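The values are calculated or read from the model by the stated rules, or taken from the named source; none is laboratory data. Predicted, not measured: the structure shown is a model, and the values here were computed from it. Positions of Cβ are generated from backbone atoms using ideal geometry, with glycine treated the same way; all protein chains shown enter the neighbour counts. Surface accessibility is based on the protein's heavy atoms, side chains included, excluding ligands, DNA and RNA. Shrake-Rupley method; radii C 1.70, N 1.55, O 1.52, S 1.80 Å.
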Amino acid sequence: EPLAPRFNPEAVLKNVPKEKLLVLAMHIPIWSTDNREELFRIIEDRPYTLSFSAHTHYQRHDFLGENDGWRGETPHHHLNHATVCGCWWGGTPDERGIPHATMSDGAPNGYSIVEFDKTKYKVVFRPASRPTHEQMAIYLPEEISLGSSADAKLLVNVFAGSQDRSKVEASFNGGQWIPVPNAPGKDPYIQRLKELEGQ
């Protein structure tokens, strides 16, 4: 039997007006594929592009630009999305006997609702086993010495946050809101959990 014809994105895109939002879905993240620049050359003349992937079992927003091989006028937003199975349904069972399945970035397993409005879009993360409003984990020491800020380290893991574009602020005892600096790294809770689980 003859093989199915190779997918031709250029032929498909001839029927998609450039003023429309172009949304791509793939399994492997776009930043780790060998032929990403070939794809970029085909779509980067479009002002509105968005792509989704999975595969890694953690969430990551990338706004790809010249350093990534993207030559479009506006950065290309690529969201490597969370997974419903988290870390492959792994982890210590909760009170229902279901593994916690926390992803390797410390976010709970979950999914998103994407709302589209012409060329604009909004991605809202939904944790699978937590209330929908629970969108971050906050870590503070249990005790803080009066007059000393040296031991008052605050860490916030915004589950669907963007390292480049999310803005996190904190207010203590009704005081003014102060920015929480971006500190890329691993969630200490999930690291400790993995240690306790022997992983």
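If you go through region 89-120 and keep only what is over 21 Å from Glu195 (Cβ atoms) and in contact with a strand residue (DSSP E or B) (Cβ under 6 Å, 6 or more places away or on another chain), you end up with Gly110, Tyr111, Ser112, Ile113, Val114, Glu115. Which of the residues that make up region 156-182 are of a type outside the set (Ser, Thr, Tyr), open to solvent by less than 70 Å² (accessible area, probe 1.4 Å) and closer than 17 Å to Tyr58 by Cβ? Scanning region 156-182 gives Val156, Asn157, Val158, Phe159, Ala160, Gly161.
Condition check for Gly65 on (1) farther than 30 Å from Tyr189 by Cβ; (2) in contact with a strand residue (DSSP E or B) (Cβ under 9 Å, 6 or more places away or on another chain); (3) open to solvent by 60 Å² or more (accessible area, probe 1.4 Å): one failure, at (3).
Residues in region 84-130 that are open to solvent by 20 Å² or more (accessible area, probe 1.4 Å) and of a type in the set (S, T, N, Q): Thr92, Ser104, Ser112, Thr119, Ser129. Taken across region 112-128, residues that are in a loop (DSSP other than H, G, I, E, B) and at pLDDT 95 or above do occur, with at least one present. Taking region 37-62 as the range and being surrounded by 18 or more Cβ atoms within 10 Å (Cβ to Cβ), charged (D, E, K, R) and over 18 Å from Val124 (Cα atoms) as the test, the residues that pass are Glu44, Arg46. Evaluating Ser32 against the criteria (1) at pLDDT below 95; (2) open to solvent by 90 Å² or more (accessible area, probe 1.4 Å) leaves one unmet condition, (2).
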